[in-house]
Amino acid sequence: MQSSRSKPCSCPSLKLREVASMYFTLVAAFLVILVVALQGSVPRQSDFPYKVPLDPQGLLELSWNVSYPEQAVHFQLLIRELHFGLLFGMSDRGEFENADLAVLWSDGHNSYFGDAWSDAKGQLHMDSQQDYQLLGARRAPEGLYLLFRRAFSTCDPKDYLIEDGTVHLIYGILEKPVHSLQAINVSALHGGLQRVQLLKPNISIPELPRDMQTMEITAPDVVIPSQETTYWCYMAELPEGFPKHHIIMYEPVVTAGNEALVHHMEVFQCAADFDSFPRYNGPCDSKMKPERLNYCRHVLAAWAMGAQAFYYPEEAGLAFGGPGSSRYLRLEIHYHNPLVFKGRRDSSGIRLYYTATLRPYDAGIMELGLVYTPVMAIPPGEDNFILTGYCTDKCTQLALPSAGIRIFASQLHTHLAGRKVVTVLTRDGRERQIVNADSHYSPHFQEIRMLKEVVAVFPGDELITTCTYNTEDRSRATVGGFGILEEMCVNYVHYYPQTQLELCKSAVDPGYLHRYFNLVNRFNDEEVCMCPQVSVPQQFYSIPWNTFNRDVLKSLYGFAPISVHCNKSSAVRFPGEWEKQPLPSITERLREPSPHCPPSPGAQPAAPIPLHLGQLRR
């Protein structure tokens, strides 16, 4: 009986083994091909030109490169002390809610990597479309390197669209093992955010002259204050009789060990109206700071964390030194010290590269946007309030040379309520080109950015700068002005050849604003005082901000004539009639760019990738 039962089952069993053997051979071959393919696509460590510390202690270091042909970013994340994993990702303003995340986690024995997203409550979910593509993981003496890739646009509604401008990167460290992705409690994580410009322009570096010299404007071994935020000011001087030179490049000089504390730095040249400026080395907001230092506002160089060296085009340089140029410079450093380290010494600053062999053109800096005036105001409780400043065709027709100017870099600027900034070039009533745009703008991350392509501006063109503000946390109106709780809307454009035009801005006509206040009085029970001695800010502060008053103010800014400031460097307007000018008429808008969706690799299960990282730290 046993013999007769065993024979029928012996043949099928043999066939099953053969099929299984063939199947696993094919799988193994596929995995070998896949690994080879992945290794071919993994960038070498030297291929990551951009680097930034993510956390204040420097335990997490992000490097990346940008492939415009592939429309993708390659990330290399160095984890110096790996506990039980981490979250890394992007969100609109640095929140852990509604975030797009790459997650590495461990249950204490096995490790996993996956693409995830968080909902409005911070709960994590595995993404049905795995767009953070793991390229490799390797251990090194300095820590664990994690390499992965992400397309700019994935057309996945749960994913963040990587675009030009500021990106808010977030990170969270898992200090205990978790048994599943869903078990991660975002609110209990030790984490933070870092702002960077991910999509760096692909610009060829110009050849530097042989007679190039360097000058370092650095802090004199200061002790970083043991508080979260400090703006430090230090006065420096050029040598007496220093002749005219061209700055052709600059780069940061950051004291080793302070890479996570030095947030951004700027070098300003002082006004030539004063023969001398007092020495100073201390906090910029100190009562001991001399008042005259407020006249040191002409930007020579600006750097923010994550930025590299800044190069001028080979045909232009920024002039400094010589007649009509101040010898005095002010270095300003923003220290971000959230862990309140004590006793850290710092000698960071900016290294200027300059030449006595002047290039064909002096570079200039022009201010676009809104005049610093309280007539431009934002009601409280607004989540998306828009103000626009105009550099009109009348001004460019009068002030620009017939061959035009070339804009090659831009620095956007608002105060604390700013959320978006964009400058658009228009010609003959049609929008032609975006000069610079930042849809995730942060006032805490401002740098001079080289443009991907030079923008040519001709006489008769218009440059329109629009800022979007959020005042949901404020109980009274925010007016325009110099104070940090007042607002600005500015684009400092860097261009050549330098012209006499230094400022091309606008503000609403004051007479029309006066009519607005009269209208508010007529239709509201609470009277807004129109007494001559009451300032414009006080009138705005006394308005009851109901829907009617908000809507009428928005409408006013959208149709009322403007006062145009078409100013020379002497702060004097070019001759002409600049009051009650009509708003530019735009007949054709630029089309919104449609997102580029990469080819779909086919349906992939929403499952994490197992990683063999050995026993993780407890």
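The values are calculated or read from the model by the stated rules, or taken from the named source; none is laboratory data. These figures come from a predicted structure and were not determined experimentally. Cβ placement follows ideal geometry from the backbone for every residue including glycine, while neighbour counts extend to all protein chains displayed. Please note that ligands, DNA and RNA were not included when accessible areas were found on the heavy atoms of the full protein model with its side chains. Shrake-Rupley method; radii C 1.70, N 1.55, O 1.52, S 1.80 Å.
Taking GLY317 as the residue in question, decide whether it is exposed (fewer than 13 other Cβ atoms within 10 Å of the Cβ), closer than 19 Å to LEU358 by Cβ and not basic (Lys, Arg). Taking the combined requirement at face value, the residue does not satisfy it. Residues of region 393-428 that are of a type in the set (Val, Ile, Thr) and open to solvent by less than 10 Å² (accessible area, probe 1.4 Å): THR396, ILE405, ILE407, THR414, VAL421, THR423, THR426. Can you say whether LEU503 is touching a residue at least 24 places away in the same chain (Cβ under 8 Å), part of a strand (DSSP E or B), assigned by the TED database to the domain that holds TYR557 and in contact with an Asp or Glu (Cβ under 6 Å, 6 or more places away or on another chain), as far as the supplied structure shows? Yes, satisfied. Look through region 348-368, keep the residues that are assigned to a strand (DSSP E or B) and open to solvent by 10 Å² or more (accessible area, probe 1.4 Å), and return whichever of them is farthest from LEU425 (Cα to Cα). The extreme case among them is ARG351.
Within region 246-261, the set of residues being surrounded by fewer than 20 Cβ atoms within 10 Å (Cβ to Cβ) and within 25 Å of VAL493 (Cα to Cα) comprises GLU251, VAL253. Under the condition of being in contact with a Phe, Trp or Tyr (Cβ under 7 Å, 6 or more places away or on another chain) and of a type in the set (A, V, I, L, M), the residues counted in region 104-117 number 1.
Conditions (1) within 16 Å of MET90 (Cα to Cα); (2) without any contact (Cβ under 8 Å) to a residue 24 or more places away in the chain; (3) touching a helix residue (DSSP H, G or I) at 6+ places or on another chain (Cβ under 9 Å), marked per residue:
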site: MET126; (1), (2), (3): yes, no, yes
site: PHE148; (1), (2), (3): yes, no, no
site: CYS155; (1), (2), (3): yes, no, no
site: HIS168; (1), (2), (3): yes, no, no
site: LEU174; (1), (2), (3): no, no, no
site: HIS179; (1), (2), (3): no, no, no
site: ALA183; (1), (2), (3): no, yes, no
site: SER187; (1), (2), (3): no, no, no
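Can you name the strands (runs of 3 or more DSSP E) wholly within region 429-482 that have at least 2 residues being farther than 29 Å from PRO510 by Cα, open to solvent by 30 Å² or more (accessible area, probe 1.4 Å) and in the same structural domain as GLY404 (by the TED database)? The qualifying strands (runs of 3 or more DSSP E) are 430-438, 449-457.
Got at least one residue in region 369-379 being under 30 Å from VAL552 (Cα atoms), touching a helix residue (DSSP H, G or I) at 6+ places or on another chain (Cβ under 6 Å) and assigned to a strand (DSSP E or B)? Let's see the steps before the verdict.
Just the residues of region 369-379 that are under 30 Å from VAL552 (Cα atoms), to begin with: 369-379.
Going one step further and asking which of them are touching a helix residue (DSSP H, G or I) at 6+ places or on another chain (Cβ under 6 Å), we end up with 374-375, 377, 379.
The next check asks that each one be assigned to a strand (DSSP E or B); those that pass are 377.
So far as region 369-379 goes, yes, one or more of its residues are under 30 Å from VAL552 (Cα atoms), touching a helix residue (DSSP H, G or I) at 6+ places or on another chain (Cβ under 6 Å) and assigned to a strand (DSSP E or B).
All but one of (1) over 30 Å from ASP159 (Cα atoms); (2) surrounded by 10 or more Cβ atoms within 10 Å (Cβ to Cβ); (3) at pLDDT 75 or above hold for ARG522; state the number of the condition that does not hold. Condition not satisfied by ARG522: (2).
Which of the residues that make up region 270-292 are touching a residue at least 12 places away in the same chain (Cβ under 8 Å) and either more than 24 Å from PRO323 (Cα to Cα) or polar (S, T, N, Q) (or both)? Steps first, answer last, please.
Applying the first criterion (touching a residue at least 12 places away in the same chain (Cβ under 8 Å)) to region 270-292 yields 270-274, 276-285, 289-290, 292.
Passing the criteria: SER276, TYR280, ASN281, GLY282, PRO283, CYS284, ASP285, LYS289, PRO290.
Of all residues in region 109-124, those that are touching a residue at least 60 places away in the same chain (Cβ under 8 Å) and either open to solvent by less than 40 Å² (accessible area, probe 1.4 Å) or among the aromatic types (Phe, Trp, Tyr) (or both) total 8. Of all the listed residues (ARG345, ARG330), the sole one being in contact (Cβ under 8 Å) with a residue 24 or more places away in the chain, assigned by the TED database to the domain that holds HIS264, touching a helix residue (DSSP H, G or I) at 6+ places or on another chain (Cβ under 7 Å) and open to solvent by 10 Å² or more (accessible area, probe 1.4 Å) is ARG330.
Let's see how each residue does on (1) in the same structural domain as VAL454 (by the TED database); (2) open to solvent by less than 40 Å² (accessible area, probe 1.4 Å); (3) among the β-branched types (Val, Ile, Thr); (4) assigned to a strand (DSSP E or B):
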| site | (1), (2), (3), (4) |
| --- | --- |
| HIS263 | no, yes, no, yes |
| VAL267 | no, yes, yes, yes |
| LYS287 | no, no, no, no |
| ARG292 | no, no, no, no |
| VAL299 | no, yes, yes, yes |
| GLY306 | no, yes, no, no |
| PRO313 | no, yes, no, no |
| GLY324 | no, no, no, no |
| HIS334 | no, yes, no, yes |
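If you check TYR496 against the conditions, is it open to solvent by 20 Å² or more (accessible area, probe 1.4 Å), touching a helix residue (DSSP H, G or I) at 6+ places or on another chain (Cβ under 9 Å) and either of a type outside the set (Gly, Ala, Ser) or farther than 30 Å from ALA363 by Cα (or both)? No.
Determine, yes or no, whether ALA236 is touching a Pro at 6+ places or on another chain (Cβ under 7 Å), open to solvent by less than 20 Å² (accessible area, probe 1.4 Å) and either under 23 Å from MET305 (Cβ atoms) or outside the structural domain of PHE310 (by the TED database) (or both). Against the criterion (touching a Pro at 6+ places or on another chain (Cβ under 7 Å), open to solvent by less than 20 Å² (accessible area, probe 1.4 Å) and either under 23 Å from MET305 (Cβ atoms) or outside the structural domain of PHE310 (by the TED database) (or both)), ALA236 does not qualify. Among the numbered conditions (1) open to solvent by 20 Å² or more (accessible area, probe 1.4 Å); (2) closer than 21 Å to SER187 by Cβ, the only one that SER106 does not meet is (1).
Only residues that are crowded, with 23+ Cβ neighbours inside 10 Å and either out of contact with any helix residue (DSSP H, G or I) (no Cβ under 9 Å at 6 or more places or on another chain) or outside any strand (DSSP E or B) (or both): list them for region 89-103, please. Full working, then the answer.
Just the residues of region 89-103 that are crowded, with 23+ Cβ neighbours inside 10 Å, to begin with: 89, 99-103.
The answer is GLY89, ALA99, ASP100, LEU101, ALA102.
In summary, GLN182 fulfils each of the numbered conditions (1) part of a loop (DSSP other than H, G, I, E, B); (2) surrounded by fewer than 20 Cβ atoms within 10 Å (Cβ to Cβ) with the single exception of condition (1).
Give region 221-250 a look and list any residue that's assigned to a strand (DSSP E or B) and aliphatic (A, V, I, L, M), or say none. Step through it out loud before you land on a result.
The initial filter retains those residues of region 221-250 that are assigned to a strand (DSSP E or B), namely 222-223, 229-237, 245-250.
Once the filter is applied, which keeps residues that are assigned to a strand (DSSP E or B) and aliphatic (A, V, I, L, M), region 221-250 yields VAL222, VAL223, MET235, ALA236, ILE247, ILE248, MET249.
Among residues of region 561-583 being over 16 Å from ASP509 (Cβ atoms) and of a type in the set (S, T, N, Q), the one that is modelled with the lowest pLDDT is SER570. Residue pairs whose Cβ atoms lie under 9 Å apart, sitting 6 or more positions apart in sequence or on different chains, and linking a residue in region 64-76 that is among the basic types (Lys, Arg) to a partner that is open to solvent by 20 Å² or more (accessible area, probe 1.4 Å), do not occur here.
The set of residues in region 542-561 being more than 32 Å from the chain's Cα centre (by Cα) and open to solvent by 50 Å² or more (accessible area, probe 1.4 Å) consists of ASN546, THR547, PHE548. For region 131-173, taking the residues that are within 21 Å of HIS83 (Cα to Cα) and part of a loop (DSSP other than H, G, I, E, B), the one that is most open to solvent (accessible area, probe 1.4 Å) is identified as PRO141.
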